[in-house]
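Here's the structure we're looking at; comments come further down.
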Amino acid sequence: MMIKYSGFNLYAESKSNFPPTSGFIFFLHGFTGSSEDWDKIIPKINSRFDCAVIDLIGHGKSDSPEEFVYYMADSIADQILISINAFTEEKIILAGYSMGGRAALNFAVKYPERVKGLILESASPGIKSKEERKKRIKKDAELAQFISRCTIEEFVDYWMNQDLFATQLRFSKFKREEIRKQKLKNSKTGLVNCLNYFGTGAMLPLYDQLPNITCKTLLITGGLDSKFTQLNSWMLKNFPSAKHIIINTAGHNTHLEEPSKFIQAVNQFLEKF
């Protein structure tokens, strides 16, 4: 369904055809992704839960407004809240991959009373060092400029061939083209604004907030993604109620590269609810 927020539309959808007995899980995609990224995962998630998806601003079927303020962390948290409220006013479990994981963390910090569980896949609490944040902001701004002057096809080809996603080169040509076609549906305006205003550098770091997130939390990373596995191992020590699962044969996108192992980890976590 389309949900109105400050004059533009956000897309959210329930993927279940039956009344849930244990509440809702909302899934948030990563940068250049969309709610479609979860289509092969959700049917195998514990049937006690109603699984819903949200297209974050600038992605998928959601609008890509020009105004930068809507792409900032605080506004994105409000957009997620409005999307959740369209389905339920109860506490929910929030799952997010990469950029979606950062959005989920921001939401949990701002609206802890609405979250009973977090599933964070290859997520980051931001960049703690001010100097490193400045460097990342500059790098994201350069990438945003590249998106602005090139075609969406050129950018997606560049994005998919980064070292971060090298483990996906093992996919068949057909599967990589399927992934590419989904990413091509996004708008350049939305991607540029997300990089500039909700990039890892632009987002205020949440390191000091982690001890305040008391809900049950599952951290998932790929063993072939050493950067995020090391980061999440550190995060584990700062979450009061977290568990870290490492999927050794996956890279950054574990639910895409090793869906069965990702689903198994999530369903084991959901047994706690």
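Laboratory data are not the source of any read-out in this text; all were calculated from the coordinates shown. It should be emphasised that the depicted structure is a prediction, and the values quoted were computed from it without experimental measurement. Here Cβ is always computed from backbone atoms with ideal geometry, including for glycine, and neighbour counts include all displayed protein chains.
Table: residues versus (1) farther than 21 Å from residue 264 by Cβ; (2) part of a loop (DSSP other than H, G, I, E, B).
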residue: 210; (1), (2): yes, no
residue: 217; (1), (2): no, no
residue: 224; (1), (2): no, yes
residue: 227; (1), (2): yes, no
residue: 233; (1), (2): no, no
residue: 244; (1), (2): no, no
Q) What are the residue pairs meeting all of these: first residue in region 256-267, first residue surrounded by 21 or more Cβ atoms within 10 Å (Cβ to Cβ), second residue assigned to a helix (DSSP H, G or I), Cβ atoms under 8 Å, and 6 or more apart or on different chains? A) 256/37; 256/168; 256/179; 257/167; 257/168; 262/254; 262/255
Q) Identify, please: which residue in region 166-193 is part of a helix (DSSP H, G or I) and of a type in the set (Gly, Ala, Ser) and is, among those, surrounded by the fewest Cβ atoms within 10 Å (Cβ to Cβ)? A) 166
Q) Cβ-Cβ below 8 Å, separation at least six or inter-chain, first residue in region 200-227 and without any contact (Cβ under 8 Å) to a residue 60 or more places away in the chain, second among the hydroxyl-bearing types (Ser, Thr, Tyr) and surrounded by fewer than 18 Cβ atoms within 10 Å (Cβ to Cβ): which pairs? A) 223/249; 224/249
Q: State all residues of region 117-158 that are exposed (fewer than 15 other Cβ atoms within 10 Å of the Cβ) and within 24 Å of residue 79 (Cβ to Cβ); if no residue qualifies, say none.
A: 148
Q. Is it the case that region 50-68 has a residue that's part of a helix (DSSP H, G or I) and without any contact (Cβ under 8 Å) to a residue 24 or more places away in the chain?
A. no
Q | Output for region 47-71, where each listed residue is of a type outside the set (Gly, Ala, Ser) and surrounded by fewer than 18 Cβ atoms within 10 Å (Cβ to Cβ) | A | 48, 61, 66, 67, 68, 69
